[in-house]
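Undergrad: This is the structure I want to talk about, given as structure tokens.
Every number here is computed from the coordinates shown, using simple stated rules; none is lab data. Quick caveat: nothing in here was measured; it's all calculated off a predicted structure. Positions of Cβ are backbone-derived with ideal geometry, glycine not excepted, and every protein chain shown enters the neighbour counts.
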Amino acid sequence: MGEGFTLAAAAPWRLELSGDILRLHHGPRLELQLPWAGRNLALMAQAMRPEPPSFSAPLTSPMLREATVAAAELFGEGAAASEVRPFVDQLANTISLKNALDALFRLRWFQHHSLGLLYVHQKGEARAWQIGAGEGPGAGATHTIDVERFNQLHTAAKKSKTGQFSTQGPRWSWLPFGGAFLAETYGFRGFSAVLLASRQEFLPFSPDEVERFHRFAGLLGLWLEDLIAVEFSDLRLAEVMLLLVRHPLPLVLRDPDGQTVLASDAFTLAEASTEPLSWLPLGRGYALGIGEEPSGESAGIDVIHRHKIALLGDLFNTLGHELSNPLFGLGLAAEILIGAAPDVEARTILSEIRKNVQRCQSILQNLTRLYTDQAQEGTCDLRHCVREAMTLAKSELKGVRTWPTGLNGEALTVEGRPVLVVQILFNLIVNSAQALHGRPAPRIDVSVHEDEGQAWVVVADNGPGLPPHVRQNLFRPFTTSKARGHGLGLALSQNLAVKAGGDLESMDPPEGASFRLRLKKVRA
Amino acid sequence: METALPAKEMTTLIHTTLQEALDDLSGRLEKLRLAGATTTPEAEDVITETHRLVVFLKHAGDYLRRGLASEQLREEMVRLKLHLLSVLRGLSEAVRAGDALAMHDLLTEELRDNLSLWKIQVLPRLRSVSRSN
């Protein structure tokens, strides 16, 4: 039903799109199923476009055109050109729920509404998300509310003819504002939402204001399904993108202008001579092309292994969600017990527990932030980070001779959050230690250096070194020389280094492997 | 709907397909409501999809009549299907007459309510049938 199946075939491979699910078949066998990839792939591709939004998206849908015209008619021709159309274009060009909400409440007619809130509930969840617009009360931060409260609000707003309410009385006392407010409901597959607007005063809204609110809330609603899908699935989609890049089939994702947004390695290698055989439309003008199956070595790449890696994204999300509460409880319990500890030894052990709980919380937070564009601001003592990373990697370093140099001396302050820097160094040291298993006289040199503007750490080992095929794509995800490795460690480490304003590179020594992490020094 | 699929798989398939179809149609109707646009090609798509849903329901009903579903469930399905057919008839007439107001009411009130009832009255029972078979 619905849009049905759309197929793109490059025998014996076949791509199939059904709603949000993208499937890849090889003959009669289902090779790969990506539950988030379908429509969302187009949204992610839109986010990846290098150029800023053009604000000139054509109103291709008749329904959207009609809705835009109707909204513009409320304010006259001049307003249509100056405000309504740019607002619609902003909605078409953003994939951020917060940006869309901000755009709505930046409109001239809503500026006197000091508060705009959106509540989103995903089916089956015990809590609903609250997202605030602009800079007003409750804005910026994202909170959650009980599903019972959300249902109460959603039902009342849906049944109401005008969608106008007041916080007077106990019914809406839990709302983070007071006074009259307007509400619009949304209901799509898998989620429902309520949008609220309030001036934080008790005077009722005029019929014009009510109509204006519902008209523009309706326009926002036309994009809400897509925006929420992206908001709640960006990590998974990033994994899907990586998976497509590394897929052994020639796959290429193109934008409405025919520009390549993303291409698999196999496509890049074959592009000079081959154009995709068929195209699978993904929506928003984006299309996924599939080429002829490559012959030779790459045809045998383990698709199932890559599928498992894609699920890591799901795993990170679930871990973050499921572990944060017990970790918080553990940290709190340790904190309480420290105060009541009978002796120094117990206090030391409890402090160690608390410290490690905090570390786990930081790691979880960082995992979920890996795919965001936020800069990782902060500073740290590089020497201290090296010492901490070596302590953490102790169990991996059994039987390995470590040779640290440059660790003594004053604090060497560099840009980068300590947790991230330690994580990079830990990855490098553990990689070296694993490469040295079974090698004669295993040794790892860790040295700290500095010049005027930068400081760097070199981690070098006397292991087998990097095979040429691994060296070429060293920092690309899923590249590994280990039999059971995921090939994510170096990719993530480089990602973290760049986010800290530095870089990570392979030194290509005559013997073994060597990596340099470079970070900016902070001037005193 | 003649198939070699075992009863349990077949009932599960009916349940899943109906759920997907209802979700898809509800989503389209919600967008029409939010856009305040019920005379566009998107509205005509909804009518086409509703026709397809009725055809599917006929086949599903034939299959379930073979003693797999309870009498109560079958009666409920017939009642809702008749209502759906009357909504469809109304929509066809409204399209022919170019009656935007009637289109709006039928799509955003009648059809929407009918789809909600399928979700509330039929889907849960169909699900328990598929589990018990």
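Undergrad: Work out the mean other chain Cβ neighbour count within 10 Å for the residues of A:65-76 and drop it here as an integer.
TA: Values: counts 3, 8, 7, 2, 1, 3, 2, 0, 0, 0, 0, 0.
Neighbouring Cβ atoms belonging to other protein chains average 2 per residue here.
Undergrad: Related question: Give me the net charge of A:ALA346's neighbourhood, meaning all other residues with Cβ under 13 Å from the Cβ of A:ALA346; Lys, Arg count +1, Asp, Glu -1.
TA: Details: positive: A:ARG347, A:ARG354; negative: A:ASP343, A:GLU345, A:GLU352.
Spelling it out: positives minus negatives among the neighbours equals -1.
Undergrad: State the extension gain, in nm to one decimal, for the chain segment bounded by A:ASN356 and A:SER96, taking 0.36 nm per residue of separation less the distance between their alpha-carbons.
TA: On the way: separation 260, 0.36 × 260 = 93.60 nm, distance 3.41 nm.
Roughly 90.2 nm would be gained on extension.
Undergrad: Continuing with this model, one more query. So for segment A:62-231, averaging the separation of alpha carbon pairs under 8 Å that are six or more residues apart and normalising by length, what relative contact order in percent results?
TA: Working: 271 pairs, mean separation 39.1, N = 170.
After rounding, I find 23 percent.
Undergrad: So, counting K/R as plus one and D/E as minus one, what does the shell of residues with Cβ under 14 Å around A:LYS394 add up to?
TA: Working: positive: A:ARG387, A:LYS398, A:ARG401; negative: A:GLU388, A:GLU396.
So the surrounding residues net to +1.
Undergrad: OK, next. By its C-alpha gyration tensor, with a ≥ b ≥ c as the square roots of the eigenvalues, how is segment B:7-132 shaped: rounded for a/c under 1.5, else prolate for a/b larger than b/c, else oblate?
TA: On the way: a/c = 2.53, a/b = 2.09, b/c = 1.21.
Prolate, because a/c is 1.5 or more and a/b exceeds b/c.
Undergrad: Step through the residues of segment A:388-396 one at a time and calculate ³J(HN,Hα) from phi using the Karplus curve (6.51 cos²θ - 1.76 cosθ + 1.60, θ = phi - 60°), rounding each to whole Hz and writing x for Gly and Pro.
TA: Per-residue couplings from phi come out as 5, 5, 5, 5, 5, 8, 3, 5, 7 Hz.
Undergrad: Here is a follow-up. A:PRO62: net charge of surrounding residues, Cβ under 15 Å, Lys/Arg +1, Asp/Glu -1, itself excluded?
TA: -1
Undergrad: While we're here: Please list, by residue number, every one of the trypsin sites (Lys or Arg not before Pro) in segment B:18-98 that is coil in DSSP and has at most 16 other beta-carbon atoms within 10 Å. Could you put the intermediate results ahead of the total?
TA: On the way: sites: B:ARG28, B:LYS31, B:ARG33, B:ARG52, B:LYS58, B:ARG65, B:ARG66, B:ARG74, B:ARG79, B:LYS81, B:ARG89, B:ARG96; in loops: B:ARG65, B:ARG66.
Loop-located and lightly packed - B:ARG65, B:ARG66.
Undergrad: Check A:ILE21: other-chain or 5+ apart residues with amide H under 5 Å from its amide H, H built from backbone geometry?
TA: A:GLY38
Undergrad: Let me ask you something else. A:ILE444's amide H: which non-local residues (gap 5+, or another chain) put their own amide H closer than 5 Å, with H modeled 1.01 Å from N in plane and none for Pro or chain starts?
TA: Excluding prolines and chain starts, which carry no amide H, the hits are A:ARG401, A:THR402, A:TRP403.
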